[in-house]
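One structure is given here, and the rest of the page talks about it.
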Amino acid sequence: MNKKSKGLLSIASALLIGVSLSSSAVLAAESGSNASSNIEEGKKLSFSRPKGNCLACHMIKDGASPGNIAPPLIVMKARFPDKKVLKDQIWDASKRNPDTSMPLFGRYEILTEAELDKVVDYIYSL
Amino acid sequence: MNKLILKLILTGLLCTAISSAYASPEKDREALIKYVEVRFPGIALEEFANGAYAYDTVGRESWEAIEEFPPYEIAVDDGQEMWEQPFANGKSYKDCFADGPVIAQNYPHWDKKQGMVITLALALNQCRKANGEKPLKYKKGSINNMLSYISFASRGKKTNVVIPEADAGAMAAYEDGKKFFYTRRGQLNFSCATCHVQNAGNKIRSETLSAALGHTTHFPVYRSKWGAVGTLHRRFTGCNKQVRAKPFKAQGEEYRNLEYFLTYMSNGLELNGPGARK
């Protein structure tokens, strides 16, 4: 977690409750797209076995038979005040933990950039 | 640590360790055992011959129910028939394997003359070829009958893979297999160890991951998913594909060396094949 910006951003994140995240840096890149449909699509991608398959390892609300390899994906905004840090984790988990058991979704092109952004939006909404 | 060593002594594994001349593979095996003992306190080492059912209590119940009418029984019977059936030239498997069929415990082994790891499946086909018979396929089909019969007959024997330390070729094959096991591969970027060491006991979706220790004791395995008995190399293929890695050839050098390493890790564990799995 990005400690320097944690305090400041958790205040910011309190203001960002819900799906109105369009001011965040990540979403700014895809202005014009609909935030709530991004989250819907992100959920599909996250649950889909050939795509995110996050449920293989993470407990996620609404997800059937999750694995328990990894921490449950809950209260993400409180734990990831900086959305960029969340995106980095999903893009290349080996940066934070070289021995990670998490696939490198961005770096190994398991998800495209657009797909990954949707997954980030969805996970951030949890 | 004292407790660990005590346990090792109790299970007799330290004795084999001390009398073994092959320091490096033996150290690897001891390290894996220590890891497993710390990760699964209170579970007897012998239990690991049962794969994930050593600790997956829910899965174990249905497994035990399945074992009451073993789905591999037909394969064992068919294998016995094949074993006893003479080749066209009048000879039989018994001419190749004097101690047969109780031989599974000695495979795989290093063959100095051929300069390669010989697995039981390969040895069976070498026997067939030497007697003018067509070789069997290595993943599916009737080779599994032969392996089931031999595996069943060898139940109760202890895995006893010998790695001649003085033989550079044998050591290289072992190291190669070990490296394979710990190398990340595929788009999903997993090594065998990611799942079967680091995450042994954890659930990936609804599957409880088995520990590498005991992986080889019960092959071939009847899998409900396959609806048939399949070989160890078929399982390797599946596990490689799962992480979107290109599988290697069954009985090719990579998988044979992997089997050499992986089976050595189970030295001292009782053979209890064929197995039944989900």
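For the Cα atoms of chain B, what angle does the longest principal axis make with the long axis of helix B:232-242, in degrees from 0 to 90, nearest 10?
Orientation of helix B:232-242: about 50 degrees from the principal axis.
Over chain B, what relative contact order in percent results from Cα pairs under 8 Å that are six or more residues apart?
26
Which shape class, rounded, prolate or oblate, goes with region B:51-278 when its Cα gyration tensor gives a ≥ b ≥ c as root eigenvalues, a/c under 1.5 marks rounded, and past that a/b bigger than b/c marks prolate?
Numbers: a/c = 1.73, a/b = 1.21, b/c = 1.43.
The shape class here is oblate.
When the Karplus curve 6.51 cos²θ - 1.76 cosθ + 1.60 is applied with θ = phi - 60°, which whole-Hz ³J(HN,Hα) does each residue of region B:209-220 get, with x for Gly and Pro?
Once θ is set to phi - 60°, the couplings for region B:209-220 become 7, 7, 8, 4, 5, x, 4, 9, 5, 10, 8, x Hz.
Could you give the nm distance between label points at A:E113 and B:R205, where each point is 7 Å from its Cα heading toward the beta carbon?
3.1
With the Cα gyration tensor of region A:28-109 in hand, give its eigenvalues times 5 under a square root as the equivalent ellipsoid semi-axes, listed largest first in whole angstrom.
20, 17, 13
Shape call for region B:105-198 from the C-alpha gyration tensor, a ≥ b ≥ c root eigenvalues: rounded (a/c under 1.5), prolate (a/b greater than b/c) or oblate?
prolate
Multiply the residue gap between B:D99 and B:K112 by 0.36 nm, knock off their C-alpha separation, and tell me the result in nm, one decimal place.
2.7 nm
Can you pull the mean other chain C-beta count within 10 Å for peptide A:68-74?
Whole-number average of other-chain Cβ neighbours for A:68-74 is 3.
Output the antiparallel fraction of DSSP beta bridges having both residues in region B:51-278, as a percent to the nearest 5.
If we restrict to bridges inside region B:51-278, about 75 percent are antiparallel.
What is the count of Lys pairs in region B:178-278 whose alpha carbons sit under 22 Å apart, if the two are 8 or more places apart or on different chains?
15
Show the residues, 5+ positions off or on another chain, whose built amide H is closer than 5 Å to the amide H of B:M116.
Under 5 Å from the amide H of B:M116: B:D111.
Pull up all non-local amide H partners of B:N202: gap of 5 or more, or a different chain, and H-to-H distance under 5 Å with H placed in the peptide plane.
B:L209
Please give the net charge around B:V243, taking every other residue with its beta carbon less than 9 angstrom from that of B:V243, where Lys and Arg add +1 and Asp and Glu add -1.
Once positives and negatives cancel, what remains is +4.
Among B:G214, B:G42, B:G156, whose mean-square fluctuation peaks in a Gaussian network model of chain B (Cα, cutoff 10 Å)?
Greatest mean-square fluctuation among the candidates belongs to B:G42.
On the protein heavy atoms, probe 1.4 angstrom, tell me the percent of accessible surface of region B:51-278 carried by carbon and sulfur. Don't skip to the answer; put the middle values down first.
Numbers: 5310 of 10250 Å².
Carbon and sulfur atoms account for 52 percent of the accessible area of region B:51-278.
Averaged across B:202-214, how many Cβ atoms of other chains sit within 10 Å of each residue's Cβ atom?
4
Based on the mean of other Cβ atoms within 10 Å per residue, sort peptides A:48-58, B:255-265 so the most packed one is first.
Taking the mean over residues of other Cβ atoms within 10 Å, the ranking is B:255-265, A:48-58.
Could you give the nm distance between label points at B:C239 and B:E81, where each point is 7 Å from its Cα heading toward the beta carbon?
3.3
Ignoring ligands, DNA and RNA, what accessible area per residue does region B:51-278 give at 1.4 Å, in Å²?
So region B:51-278 comes to 45 Å² accessible per residue, rounded to a whole number.
Treating the angle as unsigned and between 0 and 90°, give the value, to the nearest 10°, between the Cα long axis of helix B:57-67 and the longest Cα principal axis of chain B.
Approximately 20 degrees, to the nearest 10.
Go ahead and set up a Gaussian network model of chain B, Cα springs under 10 Å, then flag whichever of B:S206, B:S191, B:S148 fluctuates most.
Looking only at B:S206, B:S191, B:S148, the largest GNM fluctuation is found for B:S206.
For an R0 of 35 angstrom, estimate the FRET efficiency from the Cβ-Cβ distance between B:E175 and A:K61 and round to the nearest 0.05.
0.15
From the phi of every residue in region A:84-98, what ³J(HN,Hα) in whole Hz does the Karplus formula 6.51 cos²θ - 1.76 cosθ + 1.60 yield, where θ is phi - 60° and glycine or proline is x?
Per-residue couplings from phi come out as 4, 5, 4, 4, 4, 4, 6, 5, 7, 5, 6, 5, 7, 9, x Hz.
Other chains near B:179-188: what is the mean number of their Cβ atoms within 10 Å of each residue's Cβ?
2
Can you tell which of B:E46, B:E84, B:E254 shows the greatest fluctuation in a Gaussian network model of chain B with Cα springs below 10 Å?
So, out of B:E46, B:E84, B:E254, the one fluctuating most is B:E84.
Provide the packing ranking of A:67-77, A:91-101, i.e. peptides ordered by the mean count of other C-beta atoms within 10 Å per residue, highest first.
The packing order, highest mean first, is A:67-77, A:91-101.
The values are calculated or read from the model by the stated rules, or taken from the named source; none is laboratory data. Bear in mind the structure is a predicted one, so any value in this text is a computation, not a measurement. In this analysis, Cβ positions are derived from the backbone assuming ideal geometry, glycine residues included, and neighbour counts consider all displayed protein chains. When the accessible area is computed, the model is the full protein with side chains, heavy atoms only, and any ligands, DNA or RNA have been set aside. Shrake-Rupley method; radii C 1.70, N 1.55, O 1.52, S 1.80 Å.
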